[in-house]
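Scroll down for the structure; my scribbles are underneath it.
Bear in mind that the values in this text are calculations on the coordinates, not laboratory data. Everything quoted here is computed from the prediction, not taken from an experiment. For neighbour counting, all protein chains shown are included, and Cβ atoms are generated from backbone atoms with ideal geometry for every residue, glycine included.
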């Protein structure tokens, strides 16, 4: 009889500042330092998508929360990459999701681009 093993999500360091990011159930999550405000994260995400020729399908932003949905070049709606940033007690919580199938490498690459533009 075979038993299934559930692996724990692995937190790996990202960027120059070694921000710990955890990938689980199709989402990559990290908490950035307080100097990375929601607006700065959204601007960095926008620049990252533009540099990769992604088209921004939608963008919402307040001082407390932001969300960008982008599509890779030559796609017709799917896949899409969703970046959300939300103010948290210890900084800014960022989530990167590659929808609908999940792609850890794509999520980590997107977060790396955001961190680079933030100087992190």
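Quick notes on this one:
Listed here are the residues, each with its yes/no results for (1) in contact with a strand residue (DSSP E or B) (Cβ under 7 Å, 6 or more places away or on another chain); (2) surrounded by 17 or more Cβ atoms within 10 Å (Cβ to Cβ); (3) part of a loop (DSSP other than H, G, I, E, B); (4) touching a residue at least 40 places away in the same chain (Cβ under 8 Å).
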residue: 68; (1), (2), (3), (4): yes, yes, no, no
residue: 76; (1), (2), (3), (4): no, no, yes, no
residue: 81; (1), (2), (3), (4): yes, yes, no, no
residue: 102; (1), (2), (3), (4): no, no, yes, yes
residue: 115; (1), (2), (3), (4): yes, yes, no, yes
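- Filter result for residue 57 (surrounded by fewer than 16 Cβ atoms within 10 Å (Cβ to Cβ), free of Cβ contacts under 8 Å to residues at least 24 places away in the same chain, on the phi < 0 side of the Ramachandran plot and assigned to a strand (DSSP E or B)): yes
- Considering residues of the range 83-100 that are touching a residue at least 60 places away in the same chain (Cβ under 8 Å) and crowded, with 21+ Cβ neighbours inside 10 Å only, the residue nearest to the chain's Cα centre (by Cα): 96
- Any hit, the range 38-46, residues being surrounded by 15 or more Cβ atoms within 10 Å (Cβ to Cβ), in a helix (DSSP H, G or I), in contact with a strand residue (DSSP E or B) (Cβ under 7 Å, 6 or more places away or on another chain) and touching a residue at least 60 places away in the same chain (Cβ under 8 Å): yes
- Within the range 28-37, the set of residues being outside any strand (DSSP E or B) and either touching a helix residue (DSSP H, G or I) at 6+ places or on another chain (Cβ under 8 Å) or within 18 Å of residue 106 (Cα to Cα) (or both) comprises just one member, 36.
- Among the residues making up the range 83-100, a single one is in a loop (DSSP other than H, G, I, E, B) and under 15 Å from residue 25 (Cα atoms): 100.
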